[in-house]
Amino acid sequence: MTVHAQAAPAKVPAVRLKITEIFHSIQGEGLTAGVPTVFVRLTGCPLRCSYCDTAYAFTGGEYVELPAILSRVAAFATSHVTVTGGEPLAQAGCLELLSALCDAGHQVSLETSGALDVAPVDRRVVRVLDLKTPSSGECARNLYANLDLLQSGDQVKFVLTDRADYDWAVETARRYDIASRACVLFSPAFGLLDAATLADWMLADRLPFRLQLQLHKLLWGEVPGR
Ligand SMILES: C[S@@+](CC[C@H](N)C(=O)[O-])C[C@H]1O[C@@H](n2cnc3c(N)ncnc32)[C@H](O)[C@@H]1O
Ligand SMILES: Nc1nc2[nH]cc(C(=O)O)c2c(=O)[nH]1
Ligand code: SF4
Ligand SMILES: [Mg+2]
């Protein structure tokens with residue numbers, strides 16, 4: 001009897017993502033501020049917001065395969081995980097990463113600029129959607145169709161630099177009735193808009209939105225990996 005050599009199974013290339021850093025910190029933003037969290041920061045962003053505090057993630061980074069990312073995250077033994085960047089959705093493998101983190105039992109959130117479609121994001125992930133304000137210089141990139149995809153627990157964030165941004169954010173939140181779909185966060189651009197001034201504007205206008213300060217910067221200043 002002739003024995004035929006079996007063809008080796010085709011090798012499926014492992015998903016790999018370009019990573020700037022994976023670190024353990026206190027969640028500084030959004031509804032879980034204060035909760036110990038692991039951050040996975042993906043490299044690269046197609047936007048250039050004027051105030052961006054993470055320009056060091058635009059370039060560089062190292063490719064890491066998905067299983068290695070999962071074990072680096074697991075090593076921190078922490079339930080909450082935030083995938084951020086750069087713009088995480090700019091890498092196709094981000095979708096698989098998000099699902100794999102959920103499958104591993106983590107409570108996962110995604111920080112995204114709102115410029116890319118969130119439709120394919122795993123339903124188990126909390127979406128923190130930034131709507132870029134005029135002073136960011138990237139307002140034209142906002143994908144408003146994303147607002148129709150928000151689910152309970154999701155958050156919409158406006159980072160504000162001045163009064164014109166504030167007025168625009170109030171009007172935009174009203175026009176799209178965002179508060180009925182998600183928690184609305186108003187955050188001062190760090191060092192550019194005084195937080196107390198923003199708080200006074202919000203109180204004067206009786207806004208039912210949440211003031212968000214970047215807790216990690218109050219704790220440690222503006223340093224990478226925090
Ligand atoms: C660095 S971005 C990464 C995720 C995504 N690219 C985005 O813009 O949402 C994470 C969050 O930090 C916010 N952020 C960046 N620079 C900031 C600053 N100087 N002050 C306050 N928030 C800032 C962004 O608006 C965004 O909500
Ligand atoms: N501590 C801490 N909390 C954060 N929440 C969102 C962050 C981000 O850069 O997306 C961030 C960050 O960079 N550090
Ligand atoms: S989208 Fe996010 S990472 Fe990109 S420039 Fe704007 S704030 Fe920075
Ligand atoms: Mg940050």
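FYI, it's all coordinate maths here, none of it is from the lab. The structure displayed is predicted, hence computed values, not measured ones. All Cβ positions, even for glycine, are placed from backbone atoms using ideal geometry, and neighbour counts span all protein chains on display.
Give the residue that is nearest to residue 34 (Cα to Cα), with candidates limited to residues of segment 64-87 that are in contact with a Gly (Cβ under 9 Å, 6 or more places away or on another chain) and either assigned to a helix (DSSP H, G or I) or more than 16 Å from ligand 3 (Cβ to nearest atom) (or both). Of everything passing the filter in segment 64-87, 79 is nearest to residue 34 (Cα to Cα).
Quick check on segment 38-61: of everything there that is buried (at least 17 other Cβ atoms within 10 Å of the Cβ) and more than 13 Å from ligand 1 (Cβ to nearest atom), which residue is farthest from residue 116 (Cα to Cα)? Per the stated criteria, the residue is 38. Of all the residues in segment 16-34, those that are within 14 Å of ligand 1 (Cβ to nearest atom), assigned to a loop (DSSP other than H, G, I, E, B) and not acidic (Asp, Glu) number 3.
Please tell me if residue 129 is part of a loop (DSSP other than H, G, I, E, B), within 16 Å of ligand 3 (Cβ to nearest atom), over 18 Å from residue 14 (Cα atoms) and not hydroxyl-bearing (Ser, Thr, Tyr). First the steps, then the outcome.
On the way: part of a loop (DSSP other than H, G, I, E, B): no; within 16 Å of ligand 3 (Cβ to nearest atom): yes; over 18 Å from residue 14 (Cα atoms): yes; not hydroxyl-bearing (Ser, Thr, Tyr): yes.
Spelling it out, it is not the case that residue 129 is part of a loop (DSSP other than H, G, I, E, B), within 16 Å of ligand 3 (Cβ to nearest atom), over 18 Å from residue 14 (Cα atoms) and not hydroxyl-bearing (Ser, Thr, Tyr).
Here segment 197-215 is the region considered, the condition is being assigned to a helix (DSSP H, G or I) and not charged (D, E, K, R), and the residue that is surrounded by the fewest Cβ atoms within 10 Å (Cβ to Cβ) is 204. Of everything in segment 8-66 that is within 23 Å of residue 187 (Cβ to Cβ) and of a type in the set (S, T, N, Q), the residue that is farthest from the chain's Cα centre (by Cα) is 50.
Restricting 83, 73, 64 to those that are in contact with a His (Cβ under 9 Å, 6 or more places away or on another chain) and either at negative phi or surrounded by fewer than 23 Cβ atoms within 10 Å (Cβ to Cβ) (or both) reduces the list to 73. For segment 71-78, state whether one or more residues are within 12 Å of ligand 2 (Cβ to nearest atom) and more than 28 Å from residue 135 (Cβ to Cβ). No, segment 71-78 contains no residue that is within 12 Å of ligand 2 (Cβ to nearest atom) and more than 28 Å from residue 135 (Cβ to Cβ).
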